[in-house]
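What follows is a short report on a single structure.
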């Protein structure tokens, strides 16, 4: 479980996050949604410690993460997997070496054990015979899958995904969403996904938090997001032409 | 001025993180040899070509200017050796490496920063500065003085080759000059300079790459800054080391 209380974050004079209070539970896909520039990515990066927060608390179970030293944070970070918007696969390494990377640092497994784990993770994300390819030789969807495989290499308790569908076609997006959702439930991971893709919201949003101009305006799930009663959320949800037409047809 | 001081402070803070014990020594050594190949071995061709050419040019210029019959032609060899060992093989080669190796390092680390690969390492709990920068600094600082030695011998060889082709002086005069008043300390001085310059090149370039911002334009700009700052730092360090070791 991850619990955030009274989180505030400024960049210079500009306050980007205002008093965020939210709890993320294991086994659920928790989505942070909002328009570009609303503060989603800042919140996600604050949660993993890439941004230092100005005030508030971030708890990983019963440990206050933001109060830990760099060295102590390392112990928590071993339990974190993260999928980046651009996959962030290491250019200098093959797919196999990318997935092995966290194992090389934090396990004493033999090469055979590491290879078995690499192949298991690749199979889990439906990739085969790509071990020796470089990231530049993969399609965007395949890079995301390898990113997921690397994120789950050490059986994380927490999985963070920054816009996992950006740059992907709708079909591949759905496959990636389903994969993240399956893994979350299978391994009881606390998964936090930062997205503005409404397909993801309706497919895997077990828990949804809507951020608008740095404020958490609404919390709910995929069943009640369309009838939230929140004007800003409605504007966000029904922003696309297709959604507006559907809404007017239903009305 | 304030910004420059802030950057200096940020540089030293980064170095503090870089010079910590590697998480896994096996991975450090693996990266050390990868970087040694990339930064030192791959620089051999350019250093060799420039050293041969400059050695030859120094011999031609010195021989042409030593027209006075009282001064022995042997001094051509002597002056070529002193020019090469005292200044060319360390300072000039370091300035060339600041361009070649410095831009390589800052653009490599900078593009890793921009594409969030460094963030990915940090989130895994890996000390990215230590993993990416320490092997570069260590391999260049240890092996580049050997590159300086190679440059010195190739410079002398360049001089010998031009003499063989043109007969501008005799080979005997040249070799006699090379052995005249030889001081081994100058070799040590030059190797120390090269080690310090290599540290400057790799650490400054890594610093600018590590804190690169602003997409691909930012990577290009960090690369340019790395070359300019490390070149100026090399010249200042050259003055300081020369004052300390030769005065």
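Bear in mind these aren't lab numbers, they're just calculated from the coordinates by the rules spelled out. Bear in mind that the values here come from a model prediction, so they are computed numbers and not experimental data. Please note: Cβ atoms are built from the backbone with ideal geometry, for glycine as well, and neighbour counts cover all protein chains shown.
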Margin query: What does DSSP give for the protein assembly as shown in terms of the percent of beta bridges that are antiparallel, rounded to the nearest 5?
Written below: 50
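R0 = 60 Å: FRET efficiency of residue A:239 with residue B:157, Cβ-based, nearest 0.05?
0.25
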Note to self: If you split all Cα-Cα distances of region B:25-246 into 5 Å bins from zero, what percentages do you get per bin, shortest first?
What the structure shows: 1, 7, 14, 16, 15, 13, 10, 8, 6, 4, 3, 2, 1, 0, 0
Notebook entry, point to check: Once label points are set 7 Å from the Cα along Cα→Cβ at both residue B:41 and residue A:63, what is their separation, rounded to one decimal in nm?
Noted result: 4.0
Margin query: Nearest 10 degrees is fine. How inclined is helix A:95-106 to the longest principal axis of chain A, computing both from alpha carbons?
Written below: 90
Item checked: Per principal axis, descending, Cα span of the protein assembly as shown in whole Å -> 107, 51, 45
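With all pairs of different alpha carbon atoms counted, what Kirkwood hydrodynamic radius in Å does region A:108-222 show?
Numbers: mean 1/r = 0.0651 Å⁻¹.
That comes to 15.4 Å for region A:108-222.
Evaluate the relative contact order of region A:100-238 (contact order divided by residue number), counting alpha-carbon pairs under 8 angstrom at least 6 apart; express in whole percent.
17
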Check: Average partner chain C-beta neighbours within 10 Å, per residue of A:100-110?
Finding: 3
Checklist line | Segment residue B:243-residue B:166, length gained on full extension (0.36 nm per residue, minus Cα span) | finding: 23.9 nm
Check: So, in Å, what gap is there between the alpha-carbon centers of region B:78-118 and region A:6-36?
Finding: 44
Check: How many partner chain Cβ atoms sit within 10 Å of a residue's Cβ in peptide A:87-93, on average, as a whole number?
Finding: 5
Check: Quick one: length gained pulling residue B:10 to residue B:175 fully straight, 0.36 nm per residue minus the C-alpha distance?
Finding: 54.4 nm
Item checked: Nearest-0.05 FRET efficiency for residue B:228 and residue A:166, computed from C-beta distance (R0 45 Å) -> 0.80
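Would you calculate, for chain A, the mean residue ellipticity at 222 nm contributed by helices, counting each DSSP H stretch of 4 or more residues as -39,500 (n - 2.57) and dividing by all residues, to the nearest 500?
-11500 deg cm²/dmol
Under 8 Å for C-alpha pairs, at least 6 residues apart: give me the relative contact order for chain A, rounded to a whole percent.
Details: 449 pairs, mean separation 68.6, N = 251.
Relative contact order comes out at 27 percent.
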Note to self: Need one number: % antiparallel among DSSP beta bridges in chain A, to the nearest 5.
What the structure shows: 50
Notebook entry, point to check: Hey, with R₀ at 22 Å, roughly what FRET efficiency would residue B:57 and residue B:100 work out to, going by the Cβ-Cβ distance, to 0.05?
Noted result: 0.60
Notebook entry, point to check: Once you put a point 7 Å from the Cα of residue A:178 and another 7 Å from the Cα of residue B:184, both along the Cβ direction, what distance in nm separates them?
Noted result: 7.5
Check: Does region A:155-225 classify as rounded, prolate or oblate by the C-alpha gyration tensor (a ≥ b ≥ c root eigenvalues; a/c under 1.5 gives rounded; else a/b over b/c gives prolate, otherwise oblate)?
Finding: oblate
Checklist line | Residues of region A:71-104 with amide N under 20 Å of the 7 Å Cα→Cβ point at residue A:137 | finding: A:87-101
Margin query: So for each of B:117-130, B:35-48, A:6-19 I average, over its residues, the number of other beta carbons within 10 Å; can you give me the resulting order with the highest mean first?
Written below: B:117-130, B:35-48, A:6-19
Note to self: Pairs of alpha-carbon atoms within less than 8 angstrom and 6+ residues apart define the contacts here; what relative contact order does region B:25-246 have, in percent?
What the structure shows: 36
Next item on the list: Calculate the mean, over all residues of peptide B:124-132, of how many other protein chain Cβ atoms lie within 10 angstrom of the residue's Cβ.
Entry: 5
Item checked: Helix-only CD estimate at 222 nm, as mean residue ellipticity for chain B, using -39500 (n - 2.57) per DSSP H run (n ≥ 4) -> -27500 deg cm²/dmol
Item checked: Two-decimal ratio, chain A, of alpha-carbon radius of gyration to 2.2 N^0.38 Å -> 1.03
